[in-house]
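What follows is a set of notes on a single structure, which appears directly below.
The values are calculated or read from the model by the stated rules, or taken from the named source; none is laboratory data. Remember, predicted model here, so these are calculated numbers, not experimental data. Positions of Cβ are backbone-derived with ideal geometry, glycine not excepted, and every protein chain shown enters the neighbour counts. Note: accessible area is taken over every heavy atom of the protein model, side chains too, but ligands, DNA and RNA are not part of it. Shrake-Rupley method; radii C 1.70, N 1.55, O 1.52, S 1.80 Å.
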Amino acid sequence: MRTRRSLIDLSDLAAGEIDEIFERTKYFESTRPSRSLEDVACVNMFFEHSTRTMTSFTLAEQRLGANVITIWPSQSSLAKGETIEDTAITLGAMGIQVLVIRHPEDGFPARVALAFDGHVVNAGDGTHAHPTQALLDLYTLREEFGELNGRTVAIVGDVEHSRVARSSVHGLQALGADVVLVGPAGFLASDFMPGKARIERDFDAVLRVADAVVVLRIQRERFATMPLSNDEYVARYQLNGKRLKTMRPHAIVMHPGPYNRGVEIDESVLEFAGWRYAKQVMHGVGIRMAVLDFLVNRDRAVAR
Ligand code: CP
């Protein structure tokens with residue numbers, strides 16, 4: 001019987017487990033590298049481009065003392081017709097215990113988790129989920145505000161194609177925040193995640209009340225035609241110097257990256273005192289250490 005846990009989306013974690021991961025993150029960020037994955041082999045397989053997630057998972061694994069292997073999908077036996085399930089079985093037979101997977105197809109990591117006798121960590125699948133990005137975003141918000149109860153977090157832009165938005169809405173709701181999604185109809189249908197978040201079209205109105213604004217990139221790789229002109233998008237939804245001045249004095253701005261200057265943000269955002277992008281990236285390593293340690297070592301403690 002398979003007993004090992006995977007992390008496919010944030011809904012796989014109870015609120016208390018998110019707190020446990022945050023405690024581990026705090027510990028890993030404040031101590032020297034740990035060896036808690038010393039006898040563990042991890043494989044990273046990224047079928048889509050990545051800078052932040054791939055680098056931080058690699059650093060996290062190295063800092064925990066794991067054996068780290070990168071498989072480039074185009075150079076693997078997948079190119080010779082092997083299925084991903086058979087690849088997973090093969091890696092498991094070699095003693096690989098952790099598979100970190102990014103893929104453009106929704107549900108791909110969950111499929112692999114069914115075949116793999118180890119832990120699968122979803123590093124982003126299509127428009128479905130990006131749980132470790134959501135965790136590091138929640139951690140950044142908790143560090144800023146403490147409890148999120150009563151805080152208003154706005155997620156702005158191409159919400160429809162954003163796996164980060166989907167995972168973050170689950171997590172923000174679980175931690176008690178008031179979530180507002182903002183964007184044009186072409187990037188945010190009125191029935192998007194009903195019952196989970198409010199939908200607004202007027203970015204300027206939301207900016208005046210939000211405690212935190214998460215700005216999203218337009219995911220041009222996921223659709224064929226822009227639903228509105230670039231100029232219209234910039235006029236209605238770009239966060240710029242003029243709009244920053246209308247925000248509450250304590251409000252912060254976040255972005256999962258990569259950001260596109262001149263599109264969803266202008267240069268003044270990068271100089272804004274409340275810009276928290278670097279903190280998000282920094283926490284990405286600690287969060288991924290905590291998730292790996294949580295999945296592998298909690299599982300080992302239960303199996304003992
Ligand atoms: N935020 C994020 O997933 O960035 P990468 O695509 O660079 O990993």
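Values for this structure:
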| read-out | value |
| --- | --- |
| In region 115-162, the residues that are among the charged types (D, E, K, R) and in contact with a helix residue (DSSP H, G or I) (Cβ under 7 Å, 6 or more places away or on another chain) | 117, 125, 137, 142, 151, 158, 160 |
| Whichever residue in region 17-46 is assigned to a loop (DSSP other than H, G, I, E, B) and open to solvent by 90 Å² or more (accessible area, probe 1.4 Å) and, among such residues, is modelled with the lowest pLDDT | 32 |
| Residue within region 273-289 that is hydroxyl-bearing (Ser, Thr, Tyr) and more than 30 Å from residue 20 (Cα to Cα) present | no |
| Lone qualifier among 269, 281, 263 - being assigned to a loop (DSSP other than H, G, I, E, B) and in contact with a helix residue (DSSP H, G or I) (Cβ under 9 Å, 6 or more places away or on another chain) | 263 |
| Cβ-Cβ under 7 Å pairs, at least 6 apart or on other chains, region 35-56 side within 11 Å of the ligand (Cβ to nearest atom), far side charged (D, E, K, R) | 46/102; 48/102; 50/102; 53/102; 56/288 |
| In region 235-278, the residues that are of a type in the set (Gly, Ala, Ser), in contact (Cβ under 8 Å) with a residue 12 or more places away in the chain and within 16 Å of the ligand (Cβ to nearest atom) | 257 |
| Helices (runs of 4 or more DSSP H) enclosed by region 74-166 - at least 3 residues per element that are under 21 Å from residue 286 (Cα atoms), within 16 Å of the ligand (Cβ to nearest atom) and touching a residue at least 24 places away in the same chain (Cβ under 8 Å) | 131-145 |
| Answer residue from region 84-131, given it is among the polar types (S, T, N, Q) and under 20 Å from residue 193 (Cβ atoms) and is farthest from the chain's Cα centre (by Cα) among those | 127 |
| In region 34-59, the residues that are under 19 Å from residue 88 (Cβ atoms) and among the acidic types (Asp, Glu) | 48 |
| Filter result (touching a helix residue (DSSP H, G or I) at 6+ places or on another chain (Cβ under 6 Å) and among the aromatic types (Phe, Trp, Tyr)) within region 46-105 | 46, 47, 57 |
| Residue selected from region 47-73 under the condition assigned to a helix (DSSP H, G or I) and of a type in the set (D, E, K, R), by the criterion most open to solvent (accessible area, probe 1.4 Å) | 63 |
| Number of positions in region 176-195 that are outside any helix (DSSP H, G or I) and surrounded by fewer than 19 Cβ atoms within 10 Å (Cβ to Cβ) | 10 |
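Residue-by-condition table, conditions (1) under 19 Å from residue 24 (Cα atoms); (2) polar (S, T, N, Q); (3) outside the structural domain of residue 263 (by TED's automatic domain parsing):
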| site | (1), (2), (3) |
| --- | --- |
| 109 | no, no, yes |
| 112 | no, no, yes |
| 115 | no, no, yes |
| 137 | yes, no, no |
| 142 | yes, no, no |
| 154 | no, no, no |
| 157 | no, no, no |
| 178 | no, no, no |
